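For reference, the structure discussed in these notes is given below.
The values are calculated or read from the model by the stated rules, or taken from the named source; none is laboratory data. Keep in mind it's a predicted model, so treat the numbers as computed, not measured. Positions of Cβ are backbone-derived with ideal geometry, glycine not excepted, and every protein chain shown enters the neighbour counts.
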Amino acid sequence: MKRIFLVALLATATLVASTSCSSVESNLPDMPAVQSDLKKLPASAQEFVLSHFRDYKASQVWVAPVMAENGSLYSIILEPTSNATRAASVVKAGVRITFDKQGQWIELEHLRDGGALPSSVLSLLPAPMLQYLARHHAGVGVHEVERKAFGYELELVNDRELLFDRHGELLHTAPIGGNTPEVAPMVGSVSSFMQKHFPGYKVVYTKTEQDDGREELKVYIRKGYQESFKLVFDDQSRWLEVEGDDLGLVPVPASIVGLLPASVGSEIAKRYPQRPVTSVEVRPQGYKLELKGDVELYFDKEGKLQKVDEDSDTQQGSDMGQITQILPQQAKDFLARHFPGVYMRKIERKAGGRTIEVELSTGVEIDFDSEDRWMEIDGDDRPLPKSVVALLPAKLIQHLHASYPGSAVLAMERNGRGYKIELLYRGDDLDLLYDAEGNYLGQED
């Protein structure tokens, strides 16, 4: 059922856009001199545009003299080409995108009132967010999406605003311009905790909710671009969790680790001196710490190490623009071409080093063979990008279009004998088999 909802969302996002007929907004941002050259953008931003807006051309590109508070440095206006306006599946109006200095997208906005962003862009968002939209706003396109310190802010074409955390869980929903969530004032021990360990940070969002029958206060704070944390307190204002970013760009302050038994810090310094702490959680039985690279350490109340959870021979949390030497250049080029602007969560050598598995922040997993060719691409129950599906033999693609119109490829695998395709068609999962030339062989039982 989850997949039915998800595909319904992705399939209808562009339909909403194609039926919109409002006028394009004229209040474009006041920026410095225009550069109508896509090459003014960082390489990863260029790849992002070429991947998700193939039938568009850059009409305006701005480079700001200083970085905005949300990290934006580059802005681009894309206009559809004549081919795009004739294609029913392509959004028929301009789109504005802002990028940070590394080329990571910050904000995407459709420039027509009521216009929706392309479904290929939505596929980059966390799966829980897409599932929520499919369940509660099926058929409603996304007009604008912006990265926030706490996660994401979305505006739908029906003038509804939604806030999600970094993992895609809903924080707040309301009509645009109404019932805007207020930031609760930080008082008492919560205020003292923040002043001591996070001086200079400001609160950008707060939420009180129930967790296992107990009330918790979640506080999202930020100081500049990328310097953000989530703090969790119990109903007695005692801190329960400090969570930074998975990449370790802004580690949890040492003063937080200093609140734990001394043996915790000593164990980390001894075992993982080069890995910053990205999360600290107080549990009834002790403490859980996460380090850069998805290493999890579990301690008892006295600070004695109880468990270590890590992947051997892996390199995790790498930025797509700063991939480590474990990944060959051909595989790097493949990821940059088909998944631009997406972070890697894990790189792992398998089968005695003969294959490499890459897991992206969107949940997509790609296996490469010893010659750096793709072996398997799994979309984590979400449709794969069109550019990836286009890698299949033409005869295979033609069969899919003719026999399964409107279907979505969720995963594809190839070996010496041929191809296996996981297809979502009318709400059902199908496993289809093809030979090496793309001739249909039948369904797998």
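Summary table
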{"quantity": "Total residues in the range 414-441, condition part of a strand (DSSP E or B) and at negative phi", "calculated": "18"}
{"quantity": "Qualifying positions in the range 328-343 - at pLDDT below 75 and either basic (Lys, Arg) or within 17 Å of residue 293 (Cβ to Cβ) (or both)", "calculated": "343"}
{"quantity": "Output for the range 266-295, where each listed residue is in a helix (DSSP H, G or I) and closer than 25 Å to residue 346 by Cα", "calculated": "267, 268, 269, 270, 271"}
{"quantity": "Qualifying positions in the range 400-413 - crowded, with 18+ Cβ neighbours inside 10 Å and part of a helix (DSSP H, G or I)", "calculated": "400"}
{"quantity": "Enumeration of residues in the range 33-68 that are of a type in the set (Val, Ile, Thr) and modelled with pLDDT of 80 or more", "calculated": "49, 61, 63, 66"}
{"quantity": "Meets criteria (without any contact (Cβ under 8 Å) to a residue 12 or more places away in the chain, outside the structural domain of residue 146 (by the TED database), touching an Asp or Glu at 6+ places or on another chain (Cβ under 7 Å) and closer than 30 Å to residue 213 by Cα) for residue 288", "calculated": "yes"}
{"quantity": "Close pairs (8 angstrom Cβ cut-off, 6 or more residues apart or separate chains): aliphatic (A, V, I, L, M) in the range 43-59, crowded, with 22+ Cβ neighbours inside 10 Å and in a helix (DSSP H, G or I) anywhere", "calculated": "58/49"}
{"quantity": "Enumeration of residues in the range 232-265 that are β-branched (Val, Ile, Thr) and in a helix (DSSP H, G or I)", "calculated": "256, 257, 264"}
{"quantity": "Which listed residue, of 256, 221, is modelled with pLDDT of 85 or more, within 22 Å of the chain's Cα centre (by Cα) and of a type in the set (Val, Ile, Thr)", "calculated": "221"}
{"quantity": "Meets criteria (closer than 26 Å to residue 126 by Cα and either surrounded by fewer than 12 Cβ atoms within 10 Å (Cβ to Cβ) or modelled with pLDDT of 95 or more (or both)) for residue 437", "calculated": "no"}
{"quantity": "Test: residue in the range 183-206 that is modelled with pLDDT of 85 or more, within 23 Å of residue 125 (Cα to Cα) and hydrophobic (A, V, I, L, M, F, W, C)", "calculated": "no"}
